[in-house]
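The values are calculated or read from the model by the stated rules, or taken from the named source; none is laboratory data. Treat the numbers as computed from the prediction; the structure is a model and nothing was measured. In this analysis, Cβ positions are derived from the backbone assuming ideal geometry, glycine residues included, and neighbour counts consider all displayed protein chains. Keep in mind that these areas ignore ligands, DNA and RNA; they rest on the heavy atoms of the full protein, side chains included. Shrake-Rupley method; radii C 1.70, N 1.55, O 1.52, S 1.80 Å.
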Amino acid sequence: MSPCDPMSKQEVQAAHKDEPYDMRFPSYLGFWKRSIPGLEEQPRFDLYDEPHWKRKQQILNDHPEIADLYGYDTNTVWITLATVCVQMGLAYLFGQILTDWNWTMVLVAYVVGGSFSTQIGIIFHEFTHNLCAATTLQNRWVGNVANIPLLVPLAQSFRRYHLEHHTYQGVYGYDPDLPLEWELRLIGNDPIKKFFWLIIYGVMYIGRGLAQQKQLSRWELYNWAWSIACDV
């Protein structure tokens with residue numbers, strides 16, 4: 001089923017007549033539907049509504065003390081600085097000192113560099129939700145600093161499209177976390193193609209925006225200028 005195919009209320013009800021109303025409710029203990037390579041050509045789609053708000057309400061009803069944990073944590077700023085210093089330090093070490101330690105460099109890049117790059121992705125998520133500092137401006141700069149080792153300007157694009165994801169969650173054509181039709185046609189249900197697609201998934205945020213002819217925002221342009229300056 002294409003995500004663009006319109007369906008009536010009766011068709012939606014018929015498609016899910018043998019299932020719970022919303023299997024993503026917090027108390028649901030069943031299994032997610034998934035698309036099986038070799039048997040199905042396209043990913044799975046469901047017609048349930050967006051679950052986050054219901055989950056939030058259910059969790060707060062069960063554990064209201066969680067609300068006391070809301071707020072930002074400035075420790076993330078120090079974690080960001082440490083992460084950037086380690087990445088830049090390793091780049092200098094293998095670029096200027098241990099220049100003939102090729103296999104060691106590959107191992108360190110995969111284990112240490114890969115782990116810290118993943119952590120940068122987590123920092124991007126935290127600054128996007130203003131969880132690193134008191135103001136939006138301060139959070140944006142936490143993101144820019146975290147972006148330094150990645151060379152490619154991703155921080156502000158991630159912020160833009162991740163917030164759009166929360167605004168239009170599950171709405172095809174608006175939620176930037178959902179693949180576009182050309183991605184479905186190109187990748188399909190091929191596990192090898194999916195593997196390489198996931199490797200560049202961070203860049204796909206920008207790619208989808210360009211495919212939808214979205215203009216770069218002011219902060220995305222700042223991010224490009226900042227990254228180019230840092231790379232030079």
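Ligands, DNA and RNA are left out, and with a 1.4 angstrom probe the accessible area of region 126-202 is 50 Å² per residue.
Listed values for region 95-110 are Karplus-derived 3J(HN,Hα) couplings in whole Hz (6.51 cos²θ - 1.76 cosθ + 1.60, θ = phi - 60°), namely x, 10, 10, 8, 6, 10, 8, 5, 5, 5, 4, 4, 5, 5, 4, 6, and x replaces Gly and Pro.
Only residues of region 193-218 count here: report those whose backbone N is under 18 Å from the spot 7 Å along Cα→Cβ of Q42, or say none. Counting backbone N atoms under 18 Å from the label point, the list is 194. Within the accessible surface of region 86-152, defined with a 1.4 Å probe on protein heavy atoms only, the carbon and sulfur portion equals 69 percent. For P153, what is the net charge nearby, where nearby means another residue's Cβ is under 10 Å from its Cβ and Lys, Arg count +1, Asp, Glu -1? Net local charge, P153 excluded: -2. The phi-based Karplus calculation (6.51 cos²θ - 1.76 cosθ + 1.60; θ = phi - 60°) puts the 3J(HN,Hα) values of region 57-62 at 5, 5, 5, 5, 5, 7 Hz, whole numbers, x for Gly and Pro. Each residue of region 73-79 was assigned a 3J(HN,Hα) from its phi angle through the Karplus expression (A = 6.51, B = -1.76, C = 1.60, θ = phi - 60°), giving 10, 5, 4, 5, 4, 5, 4 Hz with x at Gly and Pro. Sorting M204, M105 on solvent-accessible area from highest to lowest, probe radius 1.4 Å, gives M105, M204. Starting from the Cα of R218, move 7 Å in the Cα-to-Cβ direction to define the label point; list residues of region 162-195 whose amide nitrogen is under 20 Å from there. The answer is 162-164, whose backbone nitrogens lie closer than 20 Å to the label point.
Between Y172 and Y110, how high is the FRET efficiency from 1/(1 + (r/R0)^6) when r is the Cβ-Cβ distance and R₀ = 30 Å? Nearest 0.05.
0.25
A protection proxy built from the mean count of other Cβ atoms within 10 Å ranks the segments 83-94, 192-203, most packed first, as 83-94, 192-203.
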